[in-house]
Amino acid sequence: MNTSPGVQPRAWDASRARRFVQFVGSLVFTFLLFLTTPVWGLAITLMFFLPHRAHFQMARAWAGLLMWLLKVLCRLEYVVEGRERLPAGNHITLWKHSSSWETISQMVIFPRQCWVLKHELMYVPLVGWGLKVLKPIAVDRGAGHAAVNQVIEQGRQRLADGLWVIIFPEGTRMPLGQTRKYGISGALLAKETGHVIVPVAHNAAQFWPRRGLMKKPGCIRVVIGPPFEAGDLDPREVNARVQEWVETTVARLIAEGGGET
């Protein structure tokens, strides 16, 4: 083993240099994220007269750009497993929510869609205007049953329009390795409409933390799970099964890690 005095300082300097480059890349990415988001919102707002399909393609192009910038600036890529499990048509999908990453990547990974989101976002200048054109289901998270009924009523219409309905059943971003009781609205919507639930698990929080500027290099793994049919089951039972699959899969992904590329 070489224990010469010059070896350790060089190794330390190289590690420090990599961290500095990663920090700069993360900083530049964050700047571009905040720069392009209102521009995207304004562009979609000005094109309000176009059909939803065109609006969604604009949103997907913006999300695709950000995924590319993450790869170039932060050396952060992603891979999707289980695409073959996606059923024909449009349905309801429940995503693990632990990072900002999935709020962007979902536009690229899934077909034409709408999102259940907090109504406060609709009041953000430019961004909220663009979101409104994209027909989200904006709910007051403190409204209880009224919010659930809103998801069912508007979700039924979005499904009839051919959109996937994307829901974060935890309601907010959860720290790495943690969860909370899933909201029931997705399971109720599936029960009411006969559509299935497609769960999605990922380990994005390992690389893009819930809070913090630094993005870690590596490969985020996204796993599309088996469709869950509500059928004659109690919606609470369906919800419990979905949560068990998602959280078990997330725990496995975290344990296996993503590694630096």
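Values in this text are rule-based calculations from the coordinates and carry no lab data. Model, not experiment: these values are computed from the prediction. All Cβ positions, glycine included, derive from the backbone under ideal geometry; neighbour counts span all protein chains shown.
Once the Cα atoms of helix 7-46 and of the chain are each reduced to a long axis, what angle between those two axes, in degrees from 0 to 90 to the nearest 10, is obtained? With rounding to tens, the tilt is 30 degrees. Take the Cβ atoms of D161 and S100, set R0 to 25 Å, and the FRET efficiency comes out at 0.40. For the chain, a Gaussian network of Cα nodes joined below 10 Å ranks L32, L94, L70 by mean-square fluctuation, and the top entry is L32.
Can you give the longest stretch of the chain with no exposed loop site, where a site means chymotrypsin sites (Phe, Trp or Tyr not before Pro) in a DSSP loop (not H, G, I, E or B) with at most 16 other C-beta atoms within 10 Å? Between exposed loop sites, the widest span is 50-261. In summary, the chain shows an alpha-carbon radius of gyration equal to 1.10 times the 2.2 N^0.38 Å reference for compact globular proteins.
Helix 52-74 sits at what angle to the longest principal axis of the chain, using alpha carbons and giving 0 to 90 degrees rounded to 10? Tilt relative to the chain: about 20 degrees. A cut-off of 5 Å between modelled amide H atoms, ignoring neighbours fewer than 5 places along the same chain, links Y78 with I220. Relative to the dominant Cα principal axis of the chain, helix 145-160 is inclined by about 90°.
Per-residue ellipticity at 222 nm computed for the chain from its helices equals -16500 deg cm²/dmol, with DSSP H segments shorter than 4 residues left out and the rest contributing -39,500 (n - 2.57).
For segment 7-256, a crude dipole built from +1 on the beta carbon of Lys and Arg and -1 on the beta carbon of Asp and Glu, taken about the Cα centre, is about 920 debye to the nearest 20.
Kirkwood-based Rg over Rh for segment 114-219 (C-alpha set), two decimals? Provide the component values of the computation, followed by the final result.
Working: Rg = 15.2 Å, Rh = 15.3 Å.
Rg/Rh for segment 114-219 comes to 0.99.
A simple spin-label model places pseudo-atoms 7 Å from Cα toward Cβ; at R211 and Q57 they are separated by 4.1 nm. Residue exposure proxy: S105, S185, S100, S15, ordered by other Cβ atoms within 10 angstrom of their Cβ from fewest to most, comes out as S15, S100, S105, S185.
In loop segments of segment 186-254 as defined by DSSP, the trypsin sites (Lys or Arg not before Pro) with at most 14 further C-beta atoms inside 10 Å of their C-beta are R211. Counting other Cβ atoms within 10 Å as a rough exposure proxy, the listed residues C74, C219 run C219, C74 from fewest neighbours to most. Express the relative contact order of segment 1-144 as a whole percentage, based on alpha carbon pairs under 8 Å and six or more residues apart in sequence. Over segment 1-144, the number comes to 31 percent. Shown is the FRET efficiency for A255 and T36, computed with R0 = 25 Å from the Cβ-Cβ distance and rounded to the nearest 0.05: 0.15. Rounded to the nearest whole Hz, the Karplus-based 3J(HN,Hα) values (6.51 cos²θ - 1.76 cosθ + 1.60, θ = phi - 60°) of segment 217-229 follow the sequence x, x, 9, 6, 9, 10, 10, 8, x, x, x, 10, 9, with x at glycine and proline. Under 5 Å between amide hydrogens, built in the peptide plane, is the criterion, and for W115 it picks out I137, I166 among residues at least 5 positions away or on other chains.
Couplings 3J(HN,Hα) for segment 166-174, derived from phi with the Karplus relation 6.51 cos²θ - 1.76 cosθ + 1.60 (θ = phi - 60°), are 9, 10, 9, x, 7, x, 7, 5, 9 Hz, where x marks Gly and Pro. Residues V196, V238, ranked from the fewest to the most other C-beta atoms within 10 Å, line up as V196, V238. Amide H contacts for R210 (H built 1.01 Å from N in the peptide plane; partners 5 or more residues away or on another chain; cut-off under 5 Å): L176.
Computed 3J(HN,Hα) for segment 242-247, one whole-Hz value per residue from the Karplus formula 6.51 cos²θ - 1.76 cosθ + 1.60 where θ = phi - 60°, is 4, 4, 4, 5, 4, 5, glycine and proline marked x.
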